[in-house]
There are 2 protein chains.
Amino acid sequence: MNNQSLDSVVYQFIEDAGNATKSLGMGRVLGQIFAYLYFSQDPISLADMQDTLGISKGSASMGVRQLEKWGAVKKVWVKGDRKDYYIANDWFGRILKNAVMDTLSEKMESYASSLGSAEKSLDDLADGNGREKFIRDRLKHLGDFHDRVRGLVKNPLVKALFK
Amino acid sequence: MNNQSLDSVVYQFIEDAGNATKSLGMGRVLGQIFAYLYFSQDPISLADMQDTLGISKGSASMGVRQLEKWGAVKKVWVKGDRKDYYIANDWFGRILKNAVMDTLSEKMESYASSLGSAEKSLDDLADGNGREKFIRDRLKHLGDFHDRVRGLVKNPLVKALFK
DNA sequence: TACTTCGTTCAGTACAAACTGAACATAACA
DNA sequence: TGTTATGTTCAGTTTGTACTGAACGAAGTA
């Protein structure tokens, strides 16, 4: 086996990972960068990423920062080189958790806010007619579900699954 | 309280729901349609959706079909009318589960396929040098995590949370 | 059978998100 | 201090996708 055929396996995987993150709505470069680092033994610089992945300076910089935020990659020091180097973290449970939290928790807040203001509006105009009661009931039911999903995060059983 | 102010509460919610589904990558109309049905006491036709939400015929048709696929809405019969009418289901746990499964399970298959073909390629060219071993190890670790996520779905504890 | 009403399809469009790259900021070095 | 090497930012461009609407099909009606 030679390094070239090993490379082709890795390149294929980089492409697949890019498609995966893209189809998950996270953009293609995130998957590409992470896969590249994940299969590299040595730390990788931003310039390496640009060259190997054929992406722009801006994409490499912003992509790697996003991954760092989620704990997916880590900056490392390479003696005698001014460049920033990165390696991949392989604690997937933690990475997934961070990414999901980061993208979902602010949305949950926003949903709570919508529910709250709807309830408040209803209270202001309450007269208890049929339609108002119906809407109030449905709002209540939706709020209960929202709370349940919210509570799910704190559930120790679920927490354990991300360890 | 009059119906107009009730309407404005509902309209606001429809807008919020549309933004929510949109930001989750499911398109705005899905949220709009579901919210409209969810707060309507009577069954709603496709024409109603077009009028109330200001969306096209095509969007109403395709949106409602998607929601039906996930069990979020149900077609109902209205005597003496040829139109199709729909009402919202309120079993959110089931709806969420169906939606997540529908959008994720095929992706999981695709990831498994990528992992599989990478492993196979490695086996074909195995010579046990350092880099190949490194890549093989990382691939193994990734595969283990994939299996763990896959198993998560069948976990009775998780299942219970979607009841 | 011709006409009307309704739902579906899909090529085209409009819009939003991802990516680019040049200008800028920062820090090391001579 | 000027020069070089590097990272960041963001206005502009590209790309992808959700939505539109006209054409079509199906099924009821007169």
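Tabulated data for the structure shown
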| quantity | calculated |
| --- | --- |
| Percent of C-alpha pairs per 20 Å bin, the protein assembly as shown, short to long | 26, 46, 24, 4, 0 |
| For the protein assembly as shown: accessible area per residue (Å², 1.4 Å) | 58 Å² |
| 10 Å Cβ neighbours from other chains, averaged over peptide B:143-152 | 2 |
| Reduction of at least 50 Å² in accessible surface, 1.4 Å probe, comparing all protein chains with the chain by itself, residues of segment B:11-54 | B:13, B:38, B:39, B:41 |
| Difference of contour (0.36 nm per residue) and Cα-Cα distance, residue A:24 to residue A:65 | 12.9 nm |
| Helix-only [θ]222 nm of the protein assembly as shown, DSSP H runs n ≥ 4, -39500 (n - 2.57) each, per residue, nearest 500 | -24000 deg cm²/dmol |
| Phi to ³J(HN,Hα) by Karplus 6.51 cos²θ - 1.76 cosθ + 1.60 over segment A:82-90, Hz, x for Gly, Pro | 7, 5, 7, 10, 10, 10, 8, 8, 10 |
| Rh by Kirkwood over Cα pairs, then Stokes-Einstein D for segment B:3-89 at 1.002 mPa s and 20 °C, µm²/s | 166 µm²/s |
| Estimated buried accessible area (total), pair B and A, 1.4 Å, Å² to nearest 100 | 4700 Å² |
| Summed side-chain charge close to residue A:113 - residues other than residue A:113 whose Cβ falls under 15 Å, Lys, Arg +1, Asp, Glu -1 | -3 |
| Chain B - convex hull of alpha carbons, volume per residue in Å³ | 169 Å³ |
| Cross-link pairs A:97/A:140; B:75/B:107; B:107/B:159 - those with Cα-Cα distance over 24 Å | A:97/A:140; B:75/B:107 |
| Additional length obtainable on full extension of the chain from residue B:76 to residue B:41, 0.36 nm per residue less Cα span | 11.3 nm |
| Shielding of A:127-135 by partner chains, average beta-carbon count, 10 Å | 4 |
| Placed amide H near residue A:86: partners under 5 Å, 5+ positions off or other chain | A:44, A:45, A:76 |
| Cα-projected label distance for residue B:145 with residue A:134, points at 7 Å along beta-carbon direction, nm | 4.8 nm |
| Per-copy distances of the residue B:77 label point, shortest first, in nm (7 angstrom along Cα→Cβ) | 7.7 |
| Share of carbon and sulfur in the accessible heavy-atom surface of the protein assembly as shown [1.4 Å probe, %] | 54 percent |
| Whole-angstrom gap from segment A:1-37 to segment B:124-139, using each part's C-alpha centre | 17 Å |
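The values are calculated or read from the model by the stated rules, or taken from the named source; none is laboratory data. Quick caveat: nothing in here was measured; it's all calculated off a predicted structure. No Cβ is skipped: glycine too gets one built from the backbone with ideal geometry, and neighbour counts run over all protein chains shown. Heavy atoms of the whole protein, side chains included, go into the accessibility calculation; ligands, DNA and RNA do not. Shrake-Rupley method; radii C 1.70, N 1.55, O 1.52, S 1.80 Å.
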